[in-house]
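One structure is given below, encoded as structure tokens.
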Amino acid sequence: MIRSLFVSLFFFFGPALLLFMLRNLALLLLLRAKNRHEKAQQPEVIDITPVDKERAPNWFYAVVVAISLSIAITVFFQMQKQDGVEKHHYVPAHIGGSGHIVTGDWKPSDTSKAP
């Protein structure tokens with residue numbers, strides 16, 4: 001259960017970080033192209049005007065949270081499925097009836113026995 005929670009958290013934060021990195025990379029590439037175009041069009045002028053840095057629009061944050069939540073929930077539920085998984089129990093090393101050491105091994109659990 002705890003492992004599933006950690007994996008789900010990874011799949012929540014992973015896509016979010018990836019989307020933010022892709023957004024920043026796209027913005028950097030667009031800024032670079034815009035600056036190259038403007039530099040080619042205008043004579044060189046020193047501009048000391050302060051620029052307000054805008055944050056990402058709210059819809060972008062909503063999309064990131066929605067995608068991350070959907071992936072994290074999907075991974076969590078997929079990890080909780082027990083379909084086709086045969087239960088096993090560990091039989092530790094012991095001395096067999098003939099006096100030889102029998103190594104520990106995983107044996108299938110008998111689920112037909114009712115408690």
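When the solvent-accessible area of the chain is split by element, carbon and sulfur atoms take up 65 percent of it, the probe being 1.4 Å. Given an 8 Å cut-off on Cα distances and at least 6 residues of separation, report the relative contact order of the chain as a percent. Value for the chain: 32 percent. The lysines whose alpha-carbon is closer than 30 Å to the alpha-carbon of Lys107, local same-chain residues fewer than 8 away aside, are Lys81, Lys87. Note on Ile46: accessible area is roughly 150 Å² with a 1.4 Å probe, heavy atoms of protein only. A straight Cα-to-Cα reach below 30 Å connects Lys53 with the lysines Lys34, Lys39, residues fewer than 8 places away in its own chain not being considered. Short to long, the 10 Å bins of the Cα pair-distance histogram for the chain hold 10, 19, 18, 15, 12, 10, 6, 5, 2, 0 percent of all pairs. To the nearest 10, the accessible area of Met21 is 120 Å² with a 1.4 Å probe.
To the nearest ten degrees, helix 2-41 and the longest principal axis of the Cα atoms of the chain are 20 degrees apart.
Quick one: helix 58-80 against the long Cα principal axis of the chain, what's the angle to the nearest 10°, folded into 0 to 90? So the inclination is approximately 10 degrees.
The values are calculated or read from the model by the stated rules, or taken from the named source; none is laboratory data. Worth saying up front: this structure is predicted, and the values here are computed from it rather than measured. Accessible surface is based on the protein model in full, side chains and every heavy atom, while ligands, DNA and RNA are left aside. Shrake-Rupley method; radii C 1.70, N 1.55, O 1.52, S 1.80 Å.
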